[in-house]
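Undergrad: Sharing a structure, written as structure tokens. Questions coming.
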Amino acid sequence: MQKECEAEVVRTEPYHGGFAIVLDQTVFFPEGGGQLSDTGTLTAAGKVLVVTHVHEKAGEIFHETKEPLEPGMKVQAKLDWTVRFDHMQQHCGEHMLSYAFYKLFGAHNVGFHMSADMVGIDLDKEVGWQQALQAERFTNREIQEDRPITTKLVPAEEAAKMNLRKFNDKLTGILRIVSVEGSDSCTCCGTHPTSSGMVGLVKIFKVEKHKEGSRVSFLCGREALERVEQYMLAALDASNLLSIKETELPDGVARLQQEKKELSERLTECTGKLMEYRIAEMQAHPAATKAGHKKFVFLEPDMMPKEAKALAKRLGEIPESFSAIFYRNGERLNYMFLATDGAELSCQQVIRTVNEAFGGRGGGRPESCQGSAACPEDWQAKAEALMSAL
């Protein structure tokens with residue numbers, strides 16, 4: 001497998017704030033066909049340029065760098081082999097896993113996605129986790145058998161007669177066929193190792209419904225191993241925190257969720273009782289608007305939106321009253337205003353004043369408005385002063 005070559009600069013063009021260099025030959029693979037591009041270096045006249053990305057346009061391959069090279073310069077083009085080998089593992093693993101789904105379940109690969117942190121294939125049939133694990137085990141057995149991987153160039157007419165996993169009958173000319181001995185065979189222009197053992201392993205991380213079929217997300221080789229290590233360490237940390245075995249984590253998390261739900265319900269109940277007490281206390285010693293109607297003002301430094309809505313609903317049951325609820329939730333100050341029947345005060349006028357004072361936004365109807373703003377440190381004093389003026 002060639003990792004570097006000597007080449008000559010054909011031309012350099014400005015490209016996206018940097019430069020794109022065309023060589024007379026290259027070892028770099030341009031992004032395409034679902035595979036990410038190679039990276040590496042171009043060395044010329046003692047200067048080393050980092051190739052950050054490679055793309056193809058109109059049959060020419062452009063090496064993207066931050067500095068230019070003059071036409072005619074001799075260069076040493078060298079791959080970042082760690083990146084190339086990783087791409088080969090992911091790409092070849094995708095071929096082999098796609099073959100497993102086809103062989104075992106008759107599911108065809110109709111889409112391929114390769115990003116920096118995950119690889120995905122789209123299947124034309126729905127598959128579940130048990131089927132996915134069967135396909136994974138099938139693929140890993142073929143990887144462990146270290147089967148030879150070969151490529152050959154054949155005319156499209158001949159390729160159409162071959163036993164390929166998939167074939168696009170619109171393809172013409174000379175086609176490149178990539179084959180895993182005794183297993184997958186299909187047209188492909190991407191990079192591959194010379195044997196299946198070099199893929200290392202395949203590990204599926206997610207199976208989900210996608211359109212009329214499924215999307216399977218996975219990783220191969222070093223990337224798969226590192227991701228499994230991350231998950232293992234996370235599981236160990238979680239099991240230590242909960243003082244349970246790693247295999248008991250689902251039940252442990254379910255118990256925590258149930259406990260959280262019960263505590264939340266109890267907290268809501270206690271908060272409701274506290275608010276009822278405060279409302280009763282306010283009614284016993286009522287404040288009043290300038291028009292003489294009952295006025296209730298709540299300044300809450302830590303309240304959830306659900307609690308604020310419940311409080312507003314309760315205050316809305318008090319006739320001939322005006323109510324204001326200011327509550328902080330994270331970095332935001334939220335406010336709600338209610339005027340029940342008989343209260344001669346427009347909430348729209350109030351919220352305009354409050355929005356202006358806090359630089360907030362919001363609105364509503366004459367009887368009900370709400371809004372929010374960034375929460376200043378002196379929000380309670382400012383809100384109290386605004387409400388005292390009503």
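The values are calculated or read from the model by the stated rules, or taken from the named source; none is laboratory data. Please read these numbers as outputs of a predicted model, since none were measured by experiment. Please note: Cβ atoms are built from the backbone with ideal geometry, for glycine as well, and neighbour counts cover all protein chains shown.
Undergrad: Looking at (1) surrounded by 14 or more Cβ atoms within 10 Å (Cβ to Cβ); (2) at pLDDT below 95; (3) farther than 15 Å from Met88 by Cα, which is the one condition that is false for Ser214?
TA: All conditions are met except number (2).
Undergrad: Further question: Taking the condition of being without any contact (Cβ under 8 Å) to a residue 12 or more places away in the chain, exposed (fewer than 12 other Cβ atoms within 10 Å of the Cβ) and farther than 26 Å from Leu299 by Cα, how many residues in region 252-279 meet it?
TA: Here the count works out to 7.
Undergrad: Determine whether Ser185 is touching a strand residue (DSSP E or B) at 6+ places or on another chain (Cβ under 9 Å) and surrounded by 19 or more Cβ atoms within 10 Å (Cβ to Cβ).
TA: Yes: the conditions hold for Ser185.
Undergrad: Filter region 165-182 for residues that are surrounded by 17 or more Cβ atoms within 10 Å (Cβ to Cβ) and among the hydrophobic types (A, V, I, L, M, F, W, C); which is farthest from the chain's Cα centre (by Cα)?
TA: Restricting to residues being surrounded by 17 or more Cβ atoms within 10 Å (Cβ to Cβ) and among the hydrophobic types (A, V, I, L, M, F, W, C), the top hit is Leu175.
Undergrad: Can you say whether Gly292 is over 18 Å from Lys382 (Cα atoms), within 38 Å of the chain's Cα centre (by Cα), in the same structural domain as Lys382 (by TED's automatic domain parsing) and not acidic (Asp, Glu), as far as the supplied structure shows?
TA: no
Undergrad: Now, a different point. How many residues does region 34-51 contain that are at pLDDT 95 or above, over 11 Å from Val75 (Cα atoms) and either out of contact with any strand residue (DSSP E or B) (no Cβ under 7 Å at 6 or more places or on another chain) or outside any loop (DSSP other than H, G, I, E, B) (or both)?
TA: Of the residues in region 34-51, 3 are at pLDDT 95 or above, over 11 Å from Val75 (Cα atoms) and either out of contact with any strand residue (DSSP E or B) (no Cβ under 7 Å at 6 or more places or on another chain) or outside any loop (DSSP other than H, G, I, E, B) (or both).
Undergrad: May I pose another question? Filter region 1-33 for residues that are outside any strand (DSSP E or B) and surrounded by fewer than 17 Cβ atoms within 10 Å (Cβ to Cβ) and give the result.
TA: If the condition is that a residue be outside any strand (DSSP E or B) and surrounded by fewer than 17 Cβ atoms within 10 Å (Cβ to Cβ), then Met1, Gln2, Lys3, His16, Gly17, Asp24, Gln25, Glu31, Gly33 are the ones that fit.
Undergrad: Turning to a different aspect of this structure: Sort out which residues of region 280-296 are surrounded by fewer than 13 Cβ atoms within 10 Å (Cβ to Cβ) and of a type in the set (D, E, K, R), and write them in order of number.
TA: Once the filter is applied, which keeps residues that are surrounded by fewer than 13 Cβ atoms within 10 Å (Cβ to Cβ) and of a type in the set (D, E, K, R), region 280-296 yields Glu281, Lys290.
Undergrad: Here is a further query. Only one of (1) surrounded by fewer than 18 Cβ atoms within 10 Å (Cβ to Cβ); (2) over 24 Å from the mean Cα position of the chain (by Cα) is not met by Val83, so which one is it?
TA: Of (1) surrounded by fewer than 18 Cβ atoms within 10 Å (Cβ to Cβ); (2) over 24 Å from the mean Cα position of the chain (by Cα), only one is false for Val83: (2).
Undergrad: In region 341-390, how many residues are assigned to a helix (DSSP H, G or I), of a type outside the set (Phe, Trp, Tyr) and surrounded by 12 or more Cβ atoms within 10 Å (Cβ to Cβ)?
TA: Total meeting the criteria: 16.
Undergrad: Of the conditions (1) over 28 Å from the mean Cα position of the chain (by Cα); (2) under 26 Å from Lys125 (Cα atoms), Glu212 clears all except one; give me its number.
TA: (1)
Undergrad: Is there a residue being touching a strand residue (DSSP E or B) at 6+ places or on another chain (Cβ under 9 Å), assigned to a helix (DSSP H, G or I) and outside the structural domain of Asp378 (by TED's automatic domain parsing) anywhere in region 265-275?
TA: Yes, region 265-275 contains a residue that is touching a strand residue (DSSP E or B) at 6+ places or on another chain (Cβ under 9 Å), assigned to a helix (DSSP H, G or I) and outside the structural domain of Asp378 (by TED's automatic domain parsing).
Undergrad: Okay, moving on. If I ask for residues that are out of contact with any Gly (no Cβ under 9 Å at 6 or more places or on another chain) and closer than 12 Å to His95 by Cα, which ones from region 178-189 would you list?
TA: Correct list: Ser179, Val180, Ser183, Asp184, Ser185, Cys186, Thr187.
Undergrad: Right, next: When you go through (1) surrounded by fewer than 19 Cβ atoms within 10 Å (Cβ to Cβ); (2) aromatic (Phe, Trp, Tyr); (3) assigned to a helix (DSSP H, G or I) one by one for Phe101, which number turns out not to apply?
TA: Status for Phe101: all satisfied but (1).
Undergrad: On to the next question. Looking only at region 167-185, how many residues end up being under 20 Å from Pro30 (Cα atoms) and touching a residue at least 40 places away in the same chain (Cβ under 8 Å)?
TA: 1
Undergrad: Something else about it: Can you name every residue in region 56-84 that is in a loop (DSSP other than H, G, I, E, B) and more than 16 Å from Thr41 (Cβ to Cβ)?
TA: Ala58, Gly59, Glu70, Pro71, Gly72 - these are the residues of region 56-84 that are in a loop (DSSP other than H, G, I, E, B) and more than 16 Å from Thr41 (Cβ to Cβ).
Undergrad: Something else now. With the condition kept exactly as written, say whether any residue in region 344-356 is in contact (Cβ under 8 Å) with a residue 24 or more places away in the chain, of a type in the set (Ser, Thr, Tyr) and within 15 Å of Val297 (Cβ to Cβ).
TA: Checking region 344-356: at least one residue is in contact (Cβ under 8 Å) with a residue 24 or more places away in the chain, of a type in the set (Ser, Thr, Tyr) and within 15 Å of Val297 (Cβ to Cβ).
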